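Below is one structure; the comments refer to it alone.
The values are calculated or read from the model by the stated rules, or taken from the named source; none is laboratory data. The structure presented is a predicted model; accordingly, all values stated were derived computationally and were not measured. Cβ coordinates were reconstructed from backbone atoms using ideal geometry, including for glycine residues, and neighbour counts include every protein chain displayed. With ligands, DNA and RNA removed, areas are computed over all heavy atoms of the protein, side chains included. Shrake-Rupley method; radii C 1.70, N 1.55, O 1.52, S 1.80 Å.
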Amino acid sequence: MSSSYSVSLAGPAPWGFRLQGGKDFCLPLTISRLTEGGKAVKAGMNTGDIILSINGISSEGMNHLEAQNKIKACTGNLSLTLK
């Protein structure tokens, strides 16, 4: 079992990752793709990482659009907890 870790990406977007899953898909929110040389890669994020929280808000029970909107609404730093 992997442990969780946090990353903080300096804004503004693009953040350099693609999201998949969510409550509406009955799947955890997961990083499905990373942009080569993007902020997410530089922060050490990996494809397949599960997002546990977005800016301190638990992503459990979030549907895809809610998570996407929380990330899009972020203009400063984006803080994610991943595992």
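At-a-glance table
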quantity: Long-range amide H partners of Met62 with built H, under 5 Å; calculated: Lys23
quantity: Cα Rg, Dmax (largest Cα-Cα span) when computed across the chain, Å; calculated: 11.5, 33
quantity: The chain, accessible surface, carbon-and-sulfur percent (1.4 angstrom probe); calculated: 53
quantity: Under-5 Å amide H pairs with Leu52, H placed in peptide plane, nonlocal only; calculated: Thr81, Leu82, Lys83
quantity: Computed label-point distance, nm, for sites Ser32 and Tyr5 using a 7 Å Cα→Cβ extension; calculated: 2.4
quantity: Taking the chain and dividing mean pair separation by its residue count, relative contact order in percent (alpha carbons under 8 Å, at least six apart); calculated: 40
quantity: Length-normalised contact order of region 1-48 in % [C-alpha pairs under 8 Å, at least 6 apart]; calculated: 36
quantity: Rounded to the nearest 20 debye, dipole of the chain from Cβ charges on Lys, Arg, Asp, Glu; calculated: 160
quantity: Euclidean distance of C-alpha centroids, region 60-78 and region 24-44, integer Å; calculated: 13
quantity: Structure-based [θ]222 nm, the chain - -39500 (n - 2.57) summed over DSSP H runs of at least 4, per residue, nearest 500; calculated: -3500 deg cm²/dmol
